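Colleague: Please read through the structure below; I'll follow up with questions.
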Amino acid sequence: MINTLYSLDTLGTPVAFFLSLLVGGGFGFALERAGFSSSRRLAGVFYFTDMAVVKVMFSALITAMLGLSYLVAFGWIHMDQVFLMPTIYGAQIVGGLLFGVGFAMGAWCPGTAAAGLAAGRIDALVFLVGTIGGSILFSELFPFIGGLYTAGDRGVQMAYDALGISRNVFALSFTLVAVGAFWLAEWAEKARTGHSAYLGSPFLKAFSLALVAVALGLFVLAPATTGVSPERTSLAAAPATDEKTLLANAEDARDHIEPDELADRLMAGQSDLVLVDVRPSAEFNAYHIRGAVNVPLAQLAESLQPHKNKGIVVLYSNGMTHPAQARDSLQRQGFGNVYLLTDGLQGFRERCLKPVSLRSEPLPPGAAVRINAWRAFFAAPAASAKVGIATAPVDAAKPRAVETDWLAARLQAPGLKIIDLRSQPEYNTAHIPGSLSLNVESLRGNIGGVPSMLLPPAMLAAQFSLLGLNPSDTIVLVPGDKFHDATLVGMAFERLGHMNFAVLNGTYAKWAQEGRPADAALPSVAASAYPVREDADRFTVDLQTVAATLGMPGTTIIDVRPPDFYAGKKSDEARAGHIPGAINRPYTEDVIASSNKVTALKTLDILAAAYGQMIPSKDAEVIVHCRTGHQASQTYFVLKHLLGYSNVRWYDAGWTEWSARSDQPVVNGAPSAARP
């Protein structure tokens, strides 16, 4: 397999620089030979007198497309080894219009201007100077136009996926369009100038037939080629739903991915790959493959629902037993894109991370460079939480608390949306560049007569649409002095099945005190059409569900209100006290609030020890509540997303509803269980 400079992360090396010079020189030579150092000839395309620009453009596109398609079909290269430009509709449309106007006025683009300058064209020099000046101006104005930079960001989108066709069909269709463009260009030149060099000539006929034949050849080499790489196509196209198919997939090696292939994909930043570590959270926190997310086995189907038959899901553990069992279960549920990591974590360490000097077997040429690149990438420390919270990658399917340095390094990441939850005056004064303001209370309302309830999915989706959010976005929630503001908004995202969100640990105060970037500009937002999902919320419980657990063993009810309210010494609801059997663990005991308004979560070991004394096991049923669900959302976040408790549920209506129902029992007095 060919290893690209991009996939090896060696674009900044002297070898890459030398190759860039060669390619650039060859490109300039080709432009000069094609006559692109003449602005008069370049401008001819707008008057249909010289269509060389169209011919060269389509020749380059077709050559690149067919050449890359054949490399993929032969298995010599993977698409994830090639840098793919993200689709950013706003920026690309505006940029395209500006570029088009400039090209129509001056007949130069940056590449042709460089060729023109080499040929001594003064107007090409003027154009290049303007290009440099425009770049400087863009940098200086970025704080004001930064919203446009990511407006309409849809990540990497392949045209054939958007059209719902295979890569081969798209390649053939585009080739036919190019052939038509060649003939149309020749016809336009003849109609405008009275002559054409190739219209109807044997060369143009042979050239056209050759292009079509080459495009058709892809159907012979890779008849099932789609957006999934060739060796992954068969499994993704046919989800295994019976034992015979499962065994056939295993026999044909269509159920696993090799460590070296996984390493290359992760280094290339493949956006549609989800790497899932199914080990216990303690082992995951001690060490895991960079980019992995930790999901308990019992929650796999729910957590991976957004990725069902989309992209590639890879499961791993120390060995292959648990991942294999989980893979079979998921495939019976219709997941056709789940793979095992061959030999698990141990195999990954042995094949990808073992130093070259410690390997006894001889290595093929270039292998040492590849291994060293893997070691450098996967040994690089991820941004770790100073309070002990495990952080998550930008495309994680499971939320985490992230640190300020993690967020600062990703401010320009495609698809990243930052939501500031402080008061509007605070936000207006200064906020993280590009962040959106959201009032937490706008996500709550009166539902069924109970006030302060989290809104239903349709209303939440409408709010997210106004914010210009999309299900593919990575959301970072920035709280003010109340950490639980962010976790409550997190509940709203979970209600819609949007699991790719994180909470900024330390709140905005920490960001500001560290002197991180901030401005007061209001971002430009284009409304989206956030989809409504009604089946994602399986964690909210009602009064009847809570009442049914009273007196039944196996369920732990945690009341997170302050001790005096739990004990009935104070009350701000219809009755004082607590639900019979509930244990009191105030939400404030999970955080450290300093005098400078920095609120951060306590370390994982402290949190794990505290809740370990209250809850018998990680899979035990737990119900958390407060007065209105706000504070309890923080406890839910800690238990489910940081400590790995798999069966946590949230009583949103909480004490507001329970105390108002005279038919429900209430207990006053000391805690029913000792608080750790």
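Colleague: Look through ALA576, ALA518 and report the one residue that is within 30 Å of LEU141 (Cα to Cα) and among the hydrophobic types (A, V, I, L, M, F, W, C). Explain how you work it out, then say what you get.
Modeller: Numbers: ALA576 fails: within 30 Å of LEU141 (Cα to Cα).
The conditions single out ALA518.
Colleague: Quick one: is ASP272 surrounded by fewer than 21 Cβ atoms within 10 Å (Cβ to Cβ) and either touching a Leu at 6+ places or on another chain (Cβ under 8 Å) or not assigned by TED's automatic domain parsing to the domain that holds ALA413 (or both)?
Modeller: Working: surrounded by fewer than 21 Cβ atoms within 10 Å (Cβ to Cβ): yes; either touching a Leu at 6+ places or on another chain (Cβ under 8 Å) or not assigned by TED's automatic domain parsing to the domain that holds ALA413 (or both): yes.
In short, yes.
Colleague: If you don't mind, another one. For region 492-534, how many residues are in a loop (DSSP other than H, G, I, E, B) and touching a residue at least 12 places away in the same chain (Cβ under 8 Å)?
Modeller: Of the residues in region 492-534, the ones in a loop (DSSP other than H, G, I, E, B) are 496-500, 505-506, 514-518, 520-534.
Still in the running and touching a residue at least 12 places away in the same chain (Cβ under 8 Å): 496-500, 505-506, 514, 516-518, 520-521, 523-534.
Count: 25.
Colleague: Tell me, please, whether a residue that is under 30 Å from SER435 (Cβ atoms) and either surrounded by 15 or more Cβ atoms within 10 Å (Cβ to Cβ) or modelled with pLDDT of 95 or more (or both) can be found in region 564-578.
Modeller: Let us first name the residues in region 564-578 that are under 30 Å from SER435 (Cβ atoms), namely none.
So far as region 564-578 goes, no, none of its residues is under 30 Å from SER435 (Cβ atoms) and either surrounded by 15 or more Cβ atoms within 10 Å (Cβ to Cβ) or modelled with pLDDT of 95 or more (or both).
Colleague: Mind checking which residues of region 337-356 are assigned to a loop (DSSP other than H, G, I, E, B) and buried (at least 19 other Cβ atoms within 10 Å of the Cβ)?
Modeller: Of all residues in region 337-356, those assigned to a loop (DSSP other than H, G, I, E, B) come to 337, 342-343, 354-355.
If the condition is that a residue be assigned to a loop (DSSP other than H, G, I, E, B) and buried (at least 19 other Cβ atoms within 10 Å of the Cβ), then ASN337, THR342 are the ones that fit.
Colleague: Looking only at region 548-555, decide whether some residue is modelled with pLDDT of 95 or more and of a type in the set (A, V, I, L, M, F, W, C). Explain how you work it out, then say what you get.
Modeller: Start the filter on region 548-555 by keeping residues that are modelled with pLDDT of 95 or more, which leaves none.
Among the residues of region 548-555, not one is modelled with pLDDT of 95 or more and of a type in the set (A, V, I, L, M, F, W, C), which makes the answer no.
Colleague: Of the residues ALA222, ALA248, which is at pLDDT below 80, more than 27 Å from the chain's Cα centre (by Cα), among the small types (Gly, Ala, Ser) and surrounded by 18 or more Cβ atoms within 10 Å (Cβ to Cβ)?
Modeller: On the way: ALA248 fails: surrounded by 18 or more Cβ atoms within 10 Å (Cβ to Cβ).
The conditions single out ALA222.
Colleague: Scan region 299-328 residue by residue and report those that are at pLDDT 85 or above, in a helix (DSSP H, G or I) and within 24 Å of LEU643 (Cβ to Cβ).
Modeller: Answer for region 299-328, where residues must be at pLDDT 85 or above, in a helix (DSSP H, G or I) and within 24 Å of LEU643 (Cβ to Cβ): LEU300, ALA301, HIS322, PRO323, GLN325, ALA326.
Colleague: Please work out which residue is nearest to TYR287 (Cα to Cα), limiting yourself to region 357-378 and to residues that are part of a helix (DSSP H, G or I) and among the charged types (D, E, K, R). Steps first, please.
Modeller: Residues of region 357-378 part of a helix (DSSP H, G or I): 357-358, 367-378.
Next, only the ones that are among the charged types (D, E, K, R) stay: 370, 375.
Numbers: ARG370: 22, ARG375: 15 Å.
My answer is ARG375.
Colleague: Run down LEU128, LEU84, LEU98, LEU117 and say which single residue is within 37 Å of the chain's Cα centre (by Cα) and closer than 20 Å to ARG41 by Cβ. Break it down into steps so the answer makes sense when it comes.
Modeller: Working: LEU84 fails: closer than 20 Å to ARG41 by Cβ; LEU98 fails: closer than 20 Å to ARG41 by Cβ; LEU117 fails: within 37 Å of the chain's Cα centre (by Cα).
After applying the criteria, what remains is LEU128.
Colleague: The conditions are (1) closer than 30 Å to ASN596 by Cβ; (2) crowded, with 17+ Cβ neighbours inside 10 Å; (3) touching a strand residue (DSSP E or B) at 6+ places or on another chain (Cβ under 8 Å), and ALA520 fails exactly one of them. Which is it?
Modeller: (2)
Colleague: Scan region 568-592 and report the pairs whose first residue is in the same structural domain as GLN634 (by TED's automatic domain parsing) and whose second residue is of a type in the set (Asp, Glu), with Cβ atoms within less than 8 Å and a gap of 6+ or a chain change.
Modeller: Once the first residue is in the same structural domain as GLN634 (by TED's automatic domain parsing) and sits in region 568-592, its partners that are of a type in the set (Asp, Glu) give LYS570/ASP564; HIS578/ASP559; ILE579/ASP559; ALA582/ASP559; ILE583/ASP559; ASN584/ASP559; ARG585/ASP559.
Colleague: Now for a separate question. I need a count of the residues in region 601-631 that are aliphatic (A, V, I, L, M), modelled with pLDDT of 90 or more and outside any loop (DSSP other than H, G, I, E, B).
Modeller: Step one: filter region 601-631 for residues aliphatic (A, V, I, L, M), giving 601, 604, 606-610, 614-615, 620, 622-624.
Then keep just the ones that are modelled with pLDDT of 90 or more; that gives 601, 606-610, 614-615, 620, 622-624.
Narrowing further to those that are outside any loop (DSSP other than H, G, I, E, B): 601, 606-610, 622-624.
The number of residues fulfilling the criteria is 9.
Colleague: Filter the helices (runs of 4 or more DSSP H) completely within region 400-483 down to those with at least 3 residues that are over 20 Å from the mean Cα position of the chain (by Cα) and in contact (Cβ under 8 Å) with a residue 12 or more places away in the chain.
Modeller: 424-429, 457-466
A quick yes/no check of all residues on (1) under 18 Å from ARG561 (Cα atoms); (2) touching a residue at least 12 places away in the same chain (Cβ under 8 Å); (3) surrounded by fewer than 24 Cβ atoms within 10 Å (Cβ to Cβ); (4) touching a strand residue (DSSP E or B) at 6+ places or on another chain (Cβ under 8 Å):
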site	(1), (2), (3), (4)
ASP619	no, yes, yes, no
HIS625	yes, yes, no, yes
THR628	yes, yes, yes, yes
ALA632	yes, yes, no, yes
THR635	yes, yes, no, yes
LEU643	no, yes, yes, no
TRP655	yes, yes, no, yes
GLN664	no, yes, yes, no
VAL667	yes, yes, yes, yes
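Colleague: State yes or no: is GLU283 of a type in the set (Asp, Glu), under 27 Å from LEU504 (Cβ atoms) and in contact (Cβ under 8 Å) with a residue 60 or more places away in the chain? Break it down into steps so the answer makes sense when it comes.
Modeller: Values: of a type in the set (Asp, Glu): yes; under 27 Å from LEU504 (Cβ atoms): yes; in contact (Cβ under 8 Å) with a residue 60 or more places away in the chain: no.
Criteria not met by GLU283.
Colleague: Hey, can you tell me all the residues within region 80-113 that are in a helix (DSSP H, G or I), surrounded by 20 or more Cβ atoms within 10 Å (Cβ to Cβ) and touching a residue at least 40 places away in the same chain (Cβ under 8 Å)? Explain how you work it out, then say what you get.
Modeller: Start the filter on region 80-113 by keeping residues that are in a helix (DSSP H, G or I), which leaves 80-81, 89-106, 110-113.
From what's left, surrounded by 20 or more Cβ atoms within 10 Å (Cβ to Cβ): 80-81, 112-113.
ASP80, GLN81, THR112 - these are the residues of region 80-113 that are in a helix (DSSP H, G or I), surrounded by 20 or more Cβ atoms within 10 Å (Cβ to Cβ) and touching a residue at least 40 places away in the same chain (Cβ under 8 Å).
Colleague: What number goes with the only condition from (1) closer than 18 Å to PRO665 by Cα; (2) surrounded by 14 or more Cβ atoms within 10 Å (Cβ to Cβ) that VAL476 does not pass?
Modeller: The number of the failed condition is (1).
Okay, residues lined up against (1) buried (at least 24 other Cβ atoms within 10 Å of the Cβ); (2) under 18 Å from LYS417 (Cβ atoms); (3) not small (Gly, Ala, Ser):
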position: HIS484; (1), (2), (3): yes, no, yes
position: ARG516; (1), (2), (3): no, yes, yes
position: ALA536; (1), (2), (3): no, no, no
position: THR540; (1), (2), (3): no, no, yes
position: VAL546; (1), (2), (3): no, no, yes
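Colleague: Can you tell me how many residues within region 546-567 are in contact (Cβ under 8 Å) with a residue 40 or more places away in the chain, acidic (Asp, Glu) and in a helix (DSSP H, G or I)? Can you show your working first?
Modeller: Filtering region 546-567 down to residues in contact (Cβ under 8 Å) with a residue 40 or more places away in the chain leaves 546-547, 549-550, 554-561, 563, 565-567.
When the remaining residues are screened for being acidic (Asp, Glu), the result is 559.
Those left that are additionally in a helix (DSSP H, G or I): none.
Qualifying residue count, region 546-567: 0.
Colleague: Quick test of your reading of the structure: ALA408 fulfils all but one of (1) modelled with pLDDT under 85; (2) of a type in the set (A, V, I, L, M); (3) surrounded by fewer than 17 Cβ atoms within 10 Å (Cβ to Cβ). Name the failing condition by number.
Modeller: (1) is the only condition that ALA408 fails.
The values are calculated or read from the model by the stated rules, or taken from the named source; none is laboratory data. These figures come from a predicted structure and were not determined experimentally. With ideal geometry, Cβ positions are generated from the backbone for all residues, glycine too; neighbour counts draw on all protein chains shown.
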